């Protein structure tokens, strides 16, 4: 297992944030790596080493509500205003004028939002699996409800009783056994449900809490992407912190949508969209319409890769980040 750099801390935007740093501090434009759900900065371990070894300054924070970083009580403290202000304050703490922001999964939404909210501090953006979209014409929660129904995990995350949080907290090991897998090469990209007596997956669409609660690892043909030591890092971390901090990001969909009404969604910095061929949640087709919003956009497809790109294809992802960085930023 790759060793992480020393964990450091900074007081930013009213919270204590844990972060890792590697590479040359003389690099004027560092990369800031932003993880998604349910992950932590450790998810970028391969990229931190590869970028650092290449002499590129790289910073990877545990974001608000995750890992070594504080987990405020109020749900509203997890909206995109807070999340992007955290990163802005981290730049100030490190005396960095501009950075390239790289985001996977929910981290992708954060880094595209950085370019909209704080364009003077953003030199470039890389979306890993997560594309940039125009503002939805209706509240995204209403859209999810109409498309998937109330059993879909994002809808369950809106429950004030926090039932989903409690299910995940009670099955931490199963969470990472279930999620951290490659797509089964024998099947079309799909997320398995709860295996029933007839070995058919649950009919509930994207009902992740129920999938995890009824999950049987012995019946899952998908290859694991984490070693036991690597999985232990995630399990130990989320056993300590719980899942509520990260799920609170989802509880701000409506709030973010309202706040974004008067923000220009055009991204005016060099941008790279890295797509994963077999991602069932964020397929490459989701990036088809990005060019209209991101004038200076490059796209790159990683083949035979599912949702967890940093783990599944670490060398290819790192290589592309280094190549693009050197070509666009010297």
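The values are calculated or read from the model by the stated rules, or taken from the named source; none is laboratory data. On a predicted model such as this, the values are computed, not experimentally measured, just so you know. FYI the Cβ positions are ideal-geometry reconstructions off the backbone, even for glycines, and counts take in every protein chain you see.
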Original post:
Going by the conditions given, is residue 37 over 20 Å from residue 92 (Cα atoms) and assigned to a loop (DSSP other than H, G, I, E, B)?
Top reply: yes
Original post:
Can you tell me which of 2, 29 is in contact with a helix residue (DSSP H, G or I) (Cβ under 6 Å, 6 or more places away or on another chain) and closer than 17 Å to residue 322 by Cα?
Top reply: 29
**OP:** Kindly indicate the residue of region 40-52 that is in contact with a strand residue (DSSP E or B) (Cβ under 8 Å, 6 or more places away or on another chain) and more than 19 Å from residue 94 (Cα to Cα) and also surrounded by the fewest Cβ atoms within 10 Å (Cβ to Cβ) among those meeting that condition.
**Re:** 49
Original post:
Based on what the data block shows, is residue 94 out of contact with any helix residue (DSSP H, G or I) (no Cβ under 8 Å at 6 or more places or on another chain) and closer than 27 Å to residue 3 by Cβ?
Top reply: yes
Subject >> Residue, nearest to the chain's Cα centre (by Cα), within region 214-235, restricted to residues that are surrounded by fewer than 16 Cβ atoms within 10 Å (Cβ to Cβ) and part of a helix (DSSP H, G or I) >> reply: 232
Original post:
Does any residue in region 7-34 that is touching a residue at least 60 places away in the same chain (Cβ under 8 Å) and on the phi > 0 side of the Ramachandran plot come within less than 9 Å, Cβ to Cβ, of a residue that is crowded, with 17+ Cβ neighbours inside 10 Å and part of a loop (DSSP other than H, G, I, E, B) six or more places away or on a different chain, and which pairs are these?
Top reply: 13/64
**OP:** Only one of these is surrounded by fewer than 24 Cβ atoms within 10 Å (Cβ to Cβ), on the phi > 0 side of the Ramachandran plot and more than 13 Å from the chain's Cα centre (by Cα): 95, 74. Name it.
**Re:** 95
**OP:** List every residue pair whose Cβ atoms sit under 6 Å apart, with the two residues 6 or more apart in sequence or on different chains, where the first one lies in region 222-240 and is within 21 Å of residue 278 (Cβ to Cβ) and the second, anywhere, is at pLDDT below 95 and part of a loop (DSSP other than H, G, I, E, B).
**Re:** 222/182; 222/184; 223/182; 225/182; 230/1
Subject >> Output for region 106-133, where each listed residue is surrounded by fewer than 23 Cβ atoms within 10 Å (Cβ to Cβ) and over 16 Å from residue 282 (Cα atoms) >> reply: 116, 117, 118, 119, 120, 121, 123
Original post:
Can you pull out the residues in region 236-255 that are assigned to a helix (DSSP H, G or I) and crowded, with 18+ Cβ neighbours inside 10 Å?
Top reply: 237, 238, 241, 244, 245, 246, 247, 248, 249, 250, 253
**OP:** Spot the failing condition for residue 300; the list is (1) outside any strand (DSSP E or B); (2) without any contact (Cβ under 8 Å) to a residue 60 or more places away in the chain, and only one is missed.
**Re:** (1)
**OP:** Filter region 55-90 down to residues that are touching a strand residue (DSSP E or B) at 6+ places or on another chain (Cβ under 6 Å) and in a helix (DSSP H, G or I), then give me how many there are.
**Re:** 3
Original post:
Taking region 303-323 on its own, how many of its residues are in contact (Cβ under 8 Å) with a residue 24 or more places away in the chain and surrounded by fewer than 20 Cβ atoms within 10 Å (Cβ to Cβ)?
Top reply: 7
**OP:** Give the residues of region 153-174 that are touching a helix residue (DSSP H, G or I) at 6+ places or on another chain (Cβ under 6 Å) and assigned to a loop (DSSP other than H, G, I, E, B), sorted by residue number.
**Re:** 157, 171
